[in-house]
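Engineer: What follows is a structure written as structure tokens; I'll ask about it next.
The values are calculated or read from the model by the stated rules, or taken from the named source; none is laboratory data. Quick caveat: nothing in here was measured; it's all calculated off a predicted structure. Note: ideal-geometry Cβ built from the backbone for every residue, glycine included; neighbour counts use all protein chains shown. Areas reflect the complete protein model, heavy atoms only, side chains present, ligands, DNA and RNA absent. Shrake-Rupley method; radii C 1.70, N 1.55, O 1.52, S 1.80 Å.
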Amino acid sequence: MSDAVSRFPVTEVEDLPEDLRERVGVIAEKSGFTPNIFRALGHRPAELRAFLDYHDAVMEREGGLTKAERELVVVATSGANHCTYCIVAHGAILRIRSKDPELSDQVAANPWQVELDERGRAIVDLALALAQDSALFGEADLEAARDAGLTEDEIWDVGAITALFAMSNRLAHLTALKPNPEFFLMGRQKR
């Protein structure tokens, strides 16, 4: 088995343009390591910059879904798309944000059957409807989300996050991106 992080070139933080070095450096300092996605996208700085900008716009914005619910969308979408990197990386974040060491594994393994409350089920179902066969996505999917109490703003959050991670999942497949080993243990202890 190869030790390569990606089947394409990777760039270390110190070799990134200054603005990206600062942005990725903050993340690396907070987590204690540099997530491999940044190293993999770093050899194309404009794309890394665009990825970070859209990521921050949908994942860090005020209002709408909670941070744990946003990660729930990522893990469900990534599970449906069989993206190991995003399941592992965002599964770790979901464990931490939900304070539930089991939820992310259950969602990743079978997002269609995991037991969730009504709101969580509506969020996951909406993400799956858009992730699985977006050409069939329609008013019935939106009505089910509304009936479960999701606002228009929250529905948009689910859609935007699902769309971003459809792209991210495919980049991870293209690059054969390996998860950082640190992600596997994060958030496993009950608090």
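Engineer: Just grab the label-to-label distance for Ala109 and His173, each label 7 Å out from Cα along the Cβ direction, in nm (one decimal).
Structural biologist: Label at Ala109, label at His173, 2.4 nm between them.
Engineer: Mind telling me which of Ile123, Ile96, Ile87 comes out most flexible in a GNM of the chain, alpha-carbon contacts under 10 Å?
Structural biologist: Checking each option, the largest mean-square fluctuation is seen for Ile96.
Engineer: Between the helical axis of 18-31 and the dominant principal axis of the chain, each derived from Cα atoms, what acute angle in degrees is found, rounded to the nearest 10?
Structural biologist: 70 degrees
Engineer: Could I ask something else about it? Rank Leu20, Leu130 by accessible area, highest first, at a 1.4 Å probe radius?
Structural biologist: Details: Leu20 0, Leu130 50 Å².
Listed by decreasing accessible area, they come as Leu130, Leu20.
Engineer: In degrees from 0 to 90, rounded to the nearest 10, what is the angle of the helix 152-175 Cα long axis to the longest principal axis of the chain?
Structural biologist: 40 degrees
Engineer: I've got another one for you. Tell me, what is a quarter of the convex hull surface for the C-alpha atoms of the stretch 77-124, in nm² with one decimal? Walk me through the numbers before you get to the answer.
Structural biologist: Working: hull surface 12.1 nm².
Spelled out: convex hull of the Cα atoms, projected over all directions, averaged, 3.0 nm².
Engineer: Using protein chains only and a probe of 1.4 angstrom, how many square angstrom of Lys67 are accessible, to the nearest 10?
Structural biologist: 90 Å²
Engineer: Okay, moving on. If one takes the longest principal axis of the Cα atoms in the chain, at what angle in degrees, from 0 to 90 and to the nearest 10, does the Cα axis of helix 67-80 lie?
Structural biologist: 90 degrees
Engineer: Turning to a different aspect of this structure: Quick check: the distance between the Cα centres of the stretch 79-154 and the stretch 8-40, to the nearest angstrom?
Structural biologist: Taking the Cα centre of each part, the stretch 79-154 and the stretch 8-40 sit 28 Å apart.
Engineer: Now a separate question. Which three numbers, in whole Å and largest first, are the semi-axes of the equivalent ellipsoid of the chain derived from its Cα gyration tensor as √(5λ)?
Structural biologist: After scaling each eigenvalue by five and taking roots: 28, 18, 16 Å.
Engineer: What value, in deg cm²/dmol to 500, does the helix sum -39500 (n - 2.57) over DSSP H runs of n ≥ 4 give at 222 nm once divided by the residues of the chain?
Structural biologist: Numbers: 9 runs with 119 residues, N = 191.
Result for the chain: -20000 deg cm²/dmol, rounded to the nearest 500.
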